[in-house]
Ligand SMILES: [Zn+2]
């Protein structure tokens, strides 16, 4: 979900790793100001639909990966209708409305969700393995009615290499979830301060009062 600063590096590593099928959803077109961080695109992609430019770049990298581009802003119902066909969801979006819609759909269909976010010099990555009954969801961490100020890369800017780090981490967690290798970030939130080069991990527990989890 999202073929921007996080979705580009994540999709590159997933395609390079040889995942069978990638569904890419993003309503936007490539803009010159995106090229600083959206590394799937080139100067001659400016003006093209991101998901189409992404498809041609990813196919050139690995022609065995099936790519399904969706040039649309998806609502919760549309996301839900896509989920039976997928093993895992990567949230590479840039706003809370979409993040919560993705979370609700993943809770409902019990799909593992790999969430990433980056703004300025700060980033975070988390895994919500909703296949497990006791796993927290995104809304356990950030309630839907919470008073969190919305800040987006399009207005606030983001340190370009940081989006690469976060997208690569999301791909890493996704491949681990798909293959069962190692231990994922499930139940943990990884925080990265790029300015100080400091990493922190905090535990995330299921919130008994979470309105989204109440429907599980
Ligand atoms: Zn929850």
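Quick note: the coordinates plus some simple rules give every number you see, no bench work behind them. Quick caveat: nothing in here was measured; it's all calculated off a predicted structure. Backbone-built Cβ (ideal geometry, glycine too); neighbour counts: all protein chains shown.
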Checklist line | Taking only Cα atoms of region 93-166, radius of gyration then Dmax in Å | finding: 13.0, 38
Note to self: Can you give the log10 of the normalised intensity I(q)/I(0) at q = 0.30 Å⁻¹, computed with Debye over equal Cα scatterers of region 41-86?
What the structure shows: -1.05
Margin query: Under a crude label model (7 Å from the Cα following the beta-carbon direction), how far is residue 56 from residue 151 in nanometres?
Written below: 3.6
Next item on the list: Report the semi-axes of the equivalent ellipsoid for region 146-192 in whole Å, largest first, where each axis is √(5λ) for an eigenvalue λ of the Cα gyration tensor.
Entry: 26, 15, 8
Item checked: region 63-186 - Kirkwood radius from inverse mean 1/r over Cα pairs (Å) -> 15.3
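What number does region 163-216 give for Rg over Rh if you use C-alpha atoms and the Kirkwood radius?
Over the Cα atoms of region 163-216, Rg/Rh equals 1.06.
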Item checked: Whole-Å semi-axes of the chain's equivalent ellipsoid (Cα gyration tensor) -> 25, 20, 17
Check: What is the Rg over Rh value, at two decimals, for region 1-50, using alpha-carbon atoms and the Kirkwood definition of Rh?
Finding: 0.97
Check: So for region 44-121, Kirkwood radius off the Cα pairs, Stokes-Einstein at 25 °C and 0.890 mPa s: how many µm² s⁻¹?
Finding: 174
Notebook entry, point to check: In whole angstrom, how long is each semi-axis of the equivalent ellipsoid of region 119-216, when you take the square root of 5 times every eigenvalue of its Cα gyration tensor and sort them from largest down?
Noted result: 24, 19, 11
Margin query: Rg/Rh for region 1-105 to two decimals, with Rh computed the Kirkwood way over all alpha-carbon pairs.
Written below: 0.94
Notebook entry, point to check: With the contact rule set at Cα under 8 Å and sequence spacing of 6 or more, what percent relative contact order holds for region 74-216?
Noted result: 27
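Would you please give the FRET efficiency between residue 207 and residue 35, computed as 1/(1 + (r/R0)^6) with r the Cβ-Cβ distance and R0 = 41 Å, to the nearest 0.05?
Working: r = 39 Å, r/R0 = 0.96.
Calculated transfer efficiency: 0.55.
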Checklist line | FRET efficiency, residue 81 to residue 17 (Cβ-Cβ, R0 30 Å, nearest 0.05) | finding: 0.70
Next item on the list: Give the angle, between 0 and 90 degrees and rounded to the nearest 10, that separates the Cα long axis of helix 96-109 from the longest principal axis of the Cα atoms of the chain.
Entry: 70
